[in-house]
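Below you'll find the structure, written out as structure tokens, and then a few comments.
The values are calculated or read from the model by the stated rules, or taken from the named source; none is laboratory data. Being a predicted model, the structure only gives us computed values, none of them experimental. Glycine gets a Cβ as well: all are built from the backbone with ideal geometry, and neighbour counts include every protein chain shown. For accessibility, only protein heavy atoms count, side chains too; no ligands or nucleic acids. Shrake-Rupley method; radii C 1.70, N 1.55, O 1.52, S 1.80 Å.
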Amino acid sequence: MTDAFSACQKNVLLAKSPSTQIEGVFAATTGRSVPEEQEALLQQWLEEEVGNLPANESVPAARKVSVTLTSAWLEGSELLMTSLSDLNTSPEVAQCADQQLSELNTLASSELQDHAVAELARLPAEETVTVAGSAPWAAVVPQTDHQTAGCDGINVEVLNDDPAVLAWSLACHAETVPPVLPAQPIQDAVPFYPVPTEVPYHEILWRDWEDLSVQPCVLEQVSKNTSLFEFRVMSYNILAQDLVEQGLDLYIHCHPDILSWSYRLPNLLQEIQHWDPDVLCLQEVQENHYWEQLEPTFKEMGFACFYKRRTGTKTDGCAVCYKHSRFQLISLSPVEYFRPGLDILNRDNVGLVLLLQPVLPEDLGLKAVSPLCVANTHVLFNPRRGDIKLAQVALLLAEIDKIARTTEGSYYPVILCGDLNSVPDSPLYKFIRNGELSYHGMPAWKVSGQEDFSQQLYPRKLLAPLWPSSLGVTDKCQYVTLCQPKKLGRREYSRDFLLQFRYCDVACERPPQLVLLEGVTDAKPGINGRLPTSVTAVLKRHNSLSSVGKQCLFVCRCSGVIQHGLNLTSVYSHFLPHRGRPEVTTMPMGLGATVDYIFYSAEPVENKAGRRLYKDGALKLLGRLSLLSEDVLLMANGLPNPFCSSDHLCLLASFGLEVSSL
């Protein structure tokens, strides 16, 4: 709970970021001064206020009143739903209000009139900013010493460049905020109008940490004498900037400022640094951003990093990073799904598969822990091409099967992360979780479950076999060279040696149990090596075969069923019982969906109504960061927003690997 509270303090501080000065009270558009009518009204208002002064006091020179916005994100406030409720109750604003009233009262008094005029003359030049509609504001006296009222000295130039950096950096110093000063009643002063109450971002987007280690099922499996190697895994689609600029129509609900990479990068890095994962799986990582910014930063944070760009002309890819103080690399396998000449694998998506060895503390003595296989991928988005998605996942599972397989034929623990562009309980999801899928005749759009194309007249359908045998992958998602061990003595005799016996009497005798087919099995080869009947004769007899005989002409690959033996289950349940709503990980066009997953190895216990049930094995799920529902994200104006700088939510889980004695 402490982690969640610390992470969400960021939004409160965003609302308290340095204000931007505007010229006049009614300034509404960028680069445009206050209209003459409004200046006249303002001048009239000042004269009326001055008319209330005693006769012996002189009239102060008419000047423009400088006010400041209380939020750096008030431009388009209705759109961004910027949190302003905390400003009314925060010590900074309360103290600013008191100072404002005091300053304005001083200006109205005759004793300090000359001093006030001199102070106003030294104020910096006012600048104009955009304020959408009638955005709420509160009058605050501008600070000339580059300090926020009631706060420690802060460099305004740095803050204006990147308010997100300020917000997160101040989170650790929230305790140093001075107490609220008592408000003093002042007459003949400009009233302080309270800001309209709105729900702050940190309350809307609150994500609880769910501790699963205290559940009875976990406690029963972990004995008192068993120690665990605990680690955290994060999966995060961080939204490549090139994809943002190519699809701006998808983000019309966002203010342009929060879509810039200069704003999003600090937010993303600070979020990752706060949750402090030991293994980090990222999708949509832009190549130049990775090499120039992300990898150097991650290395400073103690990560070893590996990156695979999408093939072709794509500029983004996947990255896997791990703390080198917690893991050592055993093997690395980049996976490219593109295969020239194959329509089923003609896209540029990629994946990464790593085999890591956990590093145990030296004080544990003679202890050992199993290696861990970590896979990361980003599957094709196209909702109509579920056949391609299925083939890509099968290729990734074949690579995991090769990397994670032990010498005894079992598997090391596996964690599979990624954006699969498929919803829960879709056929592709069930295939990963249940280990089997019958796909023959299935409409391609149905594989991922993203959209319903049932009204389409001629939908693409999946036919067996899904991919050709030349791919070298079986229907059990294994490489052919690995699943077919060599037979002893298979090549004991050469081909030439065997060919000399093809015309011997024994070879030309028809076995008595062989079914007699005229022109096929009753024929004997001639000396020239040609059969009296050609393949055409065999095809003519094909129609006379029974249905069982026809099926025997096809190998098992034509059964239309694919399988895998990794026994994977999802970290998340995809449903929020306390809200009665499904979890979502992304909000495309304002519609919530779950497409991001963390799967991990478990032990199957039974199959119930076609759904495989699991319990934790050597790899135990200890906790997870809760997800949000669609209605909650809609309250925050969807994704991205000023608080979350990607169109996906990050996934975070805590695991434990059993440590055994040597």
Handout entry: Fraction of accessible area attributable to carbon and sulfur, the range 367-460 (%, probe 1.4 Å)
Key = 50
Exercise for the section: Quote the charge dipole size of the range 352-448 about the Cα centre in Debye, to the nearest 20; the model charges only the Cβ of Lys and Arg (+1) and of Asp and Glu (-1). Expected result: 420
Completion exercise
Once Arg581, Arg612 are ranked on solvent-accessible area with the largest value leading and a 1.4 Å probe, the list reads Arg581, Arg612
Fill in the blank from the handout: For Asp211, the accessible surface traced by a 1.4 Å probe with all protein chains present amounts, in square angstrom to the nearest 10, to 80
Problem - Extended-chain gain in nm, criterion 0.36 nm per residue less alpha-carbon gap, Asp276 and Asp425 - result: 50.6 nm
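Quick one: net charge of Phe231's neighbours, Cβ under 14 Å, K/R +1, D/E -1? Spell out each step's value before the answer.
Numbers: positive: Arg232, Lys323, Arg326, Lys620, Arg624; negative: Glu230, Asp276, Asp278, Glu658.
It works out to a net charge of +1.
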Completion exercise
Dipole check, the range 591-642, charges on Cβ (K,R +1; D,E -1), about Cα centroid: among Tyr597, Ser626, Tyr614 the Cα furthest to the positive pole belongs to Tyr614
Exercise for the section: Only Lys, Arg, Asp and Glu count, each charged at its Cβ (+1, +1, -1, -1), so figure out the dipole size of the range 605-662 about its Cα centre, rounded to 20 debye. Expected result: 300
Exercise for the section: Using the structure shown, list the pairs from Lys308/Lys430; Lys430/Lys461; Lys367/Lys476; Lys308/Lys367; Lys314/Lys615; Lys367/Lys608 with a Cα-Cα distance above 30 Å, or answer none. Expected result: Lys367/Lys476; Lys308/Lys367; Lys314/Lys615; Lys367/Lys608
Problem - Thr481 accessible area, assembled protein chains, probe 1.4 Å, Å² - result: 120
Handout entry: Per residue value of the accessible surface for the range 377-420 (all protein chains in place, 1.4 Å probe), Å²
Key = 27
Practice task
With a 1.4 Å probe and all protein chains in place, put Trp291, Trp206, Trp445 in order of accessible area, largest first.
Solution key: Trp291, Trp206, Trp445
Handout entry: Per-pair calculated FRET efficiency, R0 = 30 Å: Tyr479 and Ser629 via Cβ, rounded to 0.05
Key = 0.15
